[in-house]
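Undergrad: I am attaching a structure below and will ask some questions about it afterwards.
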Amino acid sequence: MKLFGKLDDDTKKRVPPGQFLTSRFPVLHYGPTPEIDLDTWTFRVWGEVEKPLVMSWEEFSALPRAKLTIDVHCVTKWSKLNTTWEGVSLKTLRELGLVIPTEKARYVIQHAEYGFTTNLPLEVMDSENFLLATHYEGEPITLEHGAPLRGICGAIPGRDELKDVYFWKGAKWLRGLEFSAVDQPGFWEQAGYHNEADVWLEQRARARS
């Protein structure tokens with residue numbers, strides 16, 4: 001993995017404690033890479049929403065896309081700056097009236113292939129630094145990086161009001177969003193990862209009782 005040498009002060013401020021910079025994009029996930037059939041692929045939204053939603057890949061890919069440039073920070077301690085993604089924001093789904101959370105909705109559970117899940121508060125998913133991504137650096141996301149759809153969360157430099165969480169909080173091979181009144185820790189959270197995952201507080205693993 002290629003590492004960076006001496007960093008200027010502005011770049012240092014963008015690297016959370018315990019992280020190192022890389023120019024590569026490591027591939028890390030648990031289990032095999034799934035086979036995806038876009039003809040049968042669907043994206044679902046359910047739970048604490050006014051009405052459930054089911055979309056085909058053709059319908060989802062026709063939605064308005066936003067572009068987002070973020071720094072991404074993996075819990076395994078690598079960071080990659082200035083990554084550019086395109087996809088659909090939760091804000092867009094709400095503005096189009098496709099997703100209307102109920103007053104009880106507090107959390108969003110991302111459901112992916114093989115039953116994998118990860119969880120985030122609704123306000124984090126609804127922020128500018130989270131995206132339901134279909135493209136990376138101008139090209140469709142590759143299968144090994146979560147195609148055709150993955151959650152993306154990262155840091156926007158200078159936007160200190162946004163919560164920055166580790167990269168695992170965006171699920172690869174995303175198939176649906178469950179809105180919930182209660183938190184539901186996902187695969188890695190149940191395995192011992194920190195539920196909050198704040199990169200600046202180094203919330204990698206939960207405290208042992």
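Undergrad: Kirkwood-based Rg over Rh for segment 1-111 (C-alpha set), two decimals?
TA: Rounded to two decimals, Rg/Rh equals 1.05.
Undergrad: Moving on. I need the phi-derived Karplus couplings for segment 184-190: 6.51 cos²θ - 1.76 cosθ + 1.60, θ = phi - 60°, integer Hz, Gly and Pro marked x.
TA: 9, x, x, 4, 6, 5, 5
Undergrad: Right, another one. Cα-Cα over 27 Å: which of 13/104; 13/77; 67/169?
TA: 13/104
Undergrad: Determine the percent antiparallel among the DSSP beta bridges restricted to the chain, to the nearest 5.
TA: 85
Undergrad: Calculate, for residue 8 and residue 195, the FRET efficiency according to 1/(1 + (r/R0)^6) with r their C-beta to C-beta distance and R0 35 Å; round to the nearest 0.05.
TA: After rounding to 0.05, the efficiency reads 0.55.
Undergrad: Bins of 5 Å, beginning at zero and ending with the bin holding the largest distance: percent of Cα pairs per bin for the chain, please.
TA: 1, 7, 15, 20, 21, 17, 10, 5, 2, 1, 0
Undergrad: Checking the cross-link filter: which aspartates and glutamates have an alpha carbon closer than 14 Å to that of residue 91, excluding same-chain neighbours under 8 positions apart?
TA: Reachable aspartates and glutamates: 123, 126, 128.
Undergrad: If Lys and Arg each add +1 and Asp and Glu each add -1, what is the summed charge of the other residues whose beta carbon sits under 12 Å from the beta carbon of residue 186?
TA: -2
Undergrad: So, in nm, how far is label residue 122 from label residue 100 when the simple model puts each one 7 Å beyond its Cα toward the Cβ?
TA: 1.4
Undergrad: Taking the Cα centroid of segment 158-209 and of segment 80-103, what is the distance between the two, rounded to the nearest whole Å?
TA: 18
The numbers here are math on the coordinates, done by the rules we state, and not lab data. All figures in this text were calculated on a predicted structure; none of them were measured in a lab. Every residue, glycine among them, receives a Cβ derived from its backbone with ideal geometry; neighbour counts consider all protein chains shown.
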